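Enquirer: One structure, as structure tokens, below. Some questions next.
The values are calculated or read from the model by the stated rules, or taken from the named source; none is laboratory data. Bear in mind the structure is a predicted one, so any value in this text is a computation, not a measurement. Backbone-built Cβ (ideal geometry, glycine too); neighbour counts: all protein chains shown.
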Amino acid sequence: MKQLAAYKNIALLTVLLLVAGIVNAQQQELTTKSAKTWVKSRIWANGLKLKLNSSTNNLEFAKQYAANKAVWDKAFEFLRERNLDQIAPGKYPIDGDNVYASVTEGPSKEFEQSAWESHQNYIDLQYVIKGKEKIGVAPIESLTVTKPYDPAKDGANYSGEGKCYTATPDEFFLFFPSDGHRPNIKVDGYDKVKKLVIKIKVVKQIFSCHCEEERQKQSHAIQSGPASVRLPRYARNDIFSPTYTCTVFTSFRTSNP
């Protein structure tokens, strides 16, 4: 009987792992939707009234914010609390190399003088304080590299086509490493633009999954005699936590005569 019970336990554990893998794959399909819901909730804004431009990569924003919340909160605090209409052009430290700001005021560029760019080490938060400008947005995989990435400047340049947005004092833009952007394009009637750019350091390794530890716990539970065993869902309980957490979707009982 003990051998039979052992075989049953092994079979149950196998089923547990198979189902966990299937559900994990299914949950990945929901991640983008969940991120969009989170962005719309504006929990991240902490009272900031400005709109976030619709070009934003919601999933990347959610991941980066979760991995570096304190730094993002400082960036949004600067955007929310400073009197940007009165602030002078220049550089403004916020948190060392993690996040800093620069304010410029001057003429924007004709389209032909502007350029596509992207960055690997820093995320751009761009906000037009006064005036208007156009900003092009496109995924970098749709663009052609014209100047390879320069680590010293944290930038690469491209040619190609993208979608243009008109940047106004009502909203701000976020550009992640996968986002090509073409800022500073002149809008007729606005010869001078005052602009804020906040550089937020990219977290390049995010979301460590502790599912293996959870599997071991479930295996031990199955082999420990009478117990109510819950199969881990391997879904994100909170997709905006810096680590994966495992939740449950069903339970059953097993006995060990």
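Enquirer: State whether one or more residues within segment 81-90 are in a helix (DSSP H, G or I), assigned by TED's automatic domain parsing to the domain that holds residue 169, farther than 18 Å from residue 126 by Cβ and touching a residue at least 12 places away in the same chain (Cβ under 8 Å).
Expert: no
Enquirer: For segment 158-182, give me the residue count where each residue is part of a strand (DSSP E or B) and surrounded by 19 or more Cβ atoms within 10 Å (Cβ to Cβ).
Expert: Adding up the residues that qualify gives 10.
Enquirer: Here's a follow-up. Using the structure shown, decide if residue 104 is of a type in the set (Ser, Thr, Tyr) and modelled with pLDDT of 95 or more.
Expert: So residue 104 fits the description; yes.
Enquirer: Follow-up. Evaluate segment 118-140: report whether one residue or more is closer than 24 Å to residue 64 by Cβ, without any contact (Cβ under 8 Å) to a residue 24 or more places away in the chain, surrounded by fewer than 19 Cβ atoms within 10 Å (Cβ to Cβ) and assigned by TED's automatic domain parsing to the domain that holds residue 71.
Expert: no
Enquirer: Identify, please: which residue in segment 183-225 is hydrophobic (A, V, I, L, M, F, W, C), assigned to a loop (DSSP other than H, G, I, E, B) and modelled with pLDDT of 90 or more and is, among those, nearest to residue 56 (Cα to Cα)?
Expert: Step by step, filter segment 183-225, then rank; the result is 202.
Enquirer: Here is a check on your reading of the model: is residue 66 crowded, with 17+ Cβ neighbours inside 10 Å, touching a Phe, Trp or Tyr at 6+ places or on another chain (Cβ under 8 Å) and modelled with pLDDT of 95 or more?
Expert: So residue 66 fails the test.
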